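Engineer: Here's a structure for you.
The values are calculated or read from the model by the stated rules, or taken from the named source; none is laboratory data. Predicted model only: the values in this text are computed from it and were never measured. Every residue, glycine among them, receives a Cβ derived from its backbone with ideal geometry; neighbour counts consider all protein chains shown. Heavy atoms of the whole protein, side chains included, go into the accessibility calculation; ligands, DNA and RNA do not. Shrake-Rupley method; radii C 1.70, N 1.55, O 1.52, S 1.80 Å.
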Amino acid sequence: MASVTVCARFRPFSSKEKKDHGDSVCIRSLDTDSFVFKDVKQGDLTFCFDRPGAGKTYSMEGPSMSECDGQKKGILLRVVNGLFNCITFANDRSKYIVKLSMVEIYMEKVRDLFDLSKDNLQIREGKTQGIFLSGATEICIMDAAEALQKLSVGVANRAVGETQMNMASSRSHCVYIFSVLQESTNDGRVKTGKLVLVDLAGSEKVKEKTCAEGRVLEEAKTINKSLFALSNVINALTNGKMNHIPYRDSKLTRILQDALGGNSRTAVLCCCSPSSLNASESLSTLRFGARHVYRPVKSCNSIIQK
């Protein structure tokens with residue numbers, strides 16, 4: 001099993017895209033893991049991922065944190081339910097403690113979304129703890145319902161803003177950290193694990209189309225810089241040729257160091273617009289994901305083919 005899995009998802013047209021550009025699409029599905037992307041300058045490009053499906057935050061949260069429809073559940077809701085189901089039906093004689101932290105990385109500052117007075121958390125590293133956020137609020141959660149209630153509070157505190165491409169664009173990276181402690185009732189041995197979910201900020205090219213200026217422009221530059229750092233880290237981990245992994249190039253990659261390296265498993269979901277109007281941004285996102293896909297099928301080795 002590969003240490004990094006990459007999937008793609010294309011959301012339905014937005015009302016603005018339909019109004020400005022009609023129903024012209026830039027993608028054509030080939031099968032469950034391949035599709036053709038139509039680019040005006042470069043022609044047809046074929047992408048092969050582990051699974052193509054955009055809305056990043058919608059994928060993470062669903063219509064709402066309390067949405068119960070099985071088909072519309074967001075990743076967070078599915079993860080929380082799965083986590084507590086595993087604990088409930090565990091056959092071993094152990095005691096479990098689950099803690100939750102939630103932070104956002106905005107303009108390269110880490111802010112606690114459970115306590116907004118903590119707006120510049122420092123990233124530390126310990127021998128037993130690994131990478132951790134000094135002073136971050138950790139909430140003990142007893143069940144899925146309590147976890148979702150706490151997550152809803154943190155989500156409401158996240159920084160969003162309007163751009164010309166998105167009415168409610170996430171301007172920060174949102175990081176959800178679930179820490180699980182398992183203590184054996186037989187011999188007292190303790191095991192710990194960490195599950196990290198990240199809703200990345202929207203990546204938009206800095207040009208006339210976004211009408212980005214002032215603070216929004218600075219946000220875009222910072223977001224793109226951290227996403228570039230993330231791509232470099234994942235690429236260094238997957239190609240097996242680099243001795244140095246540049247975790248310290250951004251706050252995002254530093255926080256995710258334990259979740260990306262070692263014996264961890266990583267999944268990347270690339271969320272794109274199907275509209276030709278946003279083809280340039282979608283192509284950039286797909287290439288971000290394609291850098292980290294390594295498949296045994298010979299025709300997909302180059303990832304992008306004309």
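Engineer: List the trypsin sites (Lys or Arg not before Pro) within region 89-118 that fall in a DSSP loop (any state other than H, G, I, E or B) and whose Cβ has at most 12 other Cβ atoms within 10 Å.
Structural biologist: Arg93
Engineer: What dipole magnitude, in Debye to the nearest 20, does region 70-128 give about its Cα centre under +1 on Lys/Arg Cβ and -1 on Asp/Glu Cβ?
Structural biologist: The calculated dipole for region 70-128 is roughly 280 debye.
Engineer: Let me ask something else. Out of the total accessible area of region 74-120 (probe 1.4 Å, heavy atoms of protein only), what percent is carbon and sulfur?
Structural biologist: Carbon and sulfur together cover 51 percent of it.
Engineer: Taking only protein heavy atoms and a 1.4 Å probe, what accessible area per residue, in Å², does region 70-164 have with all protein chains in place?
Structural biologist: Per-residue accessible area for region 70-164 comes out at 56 Å².
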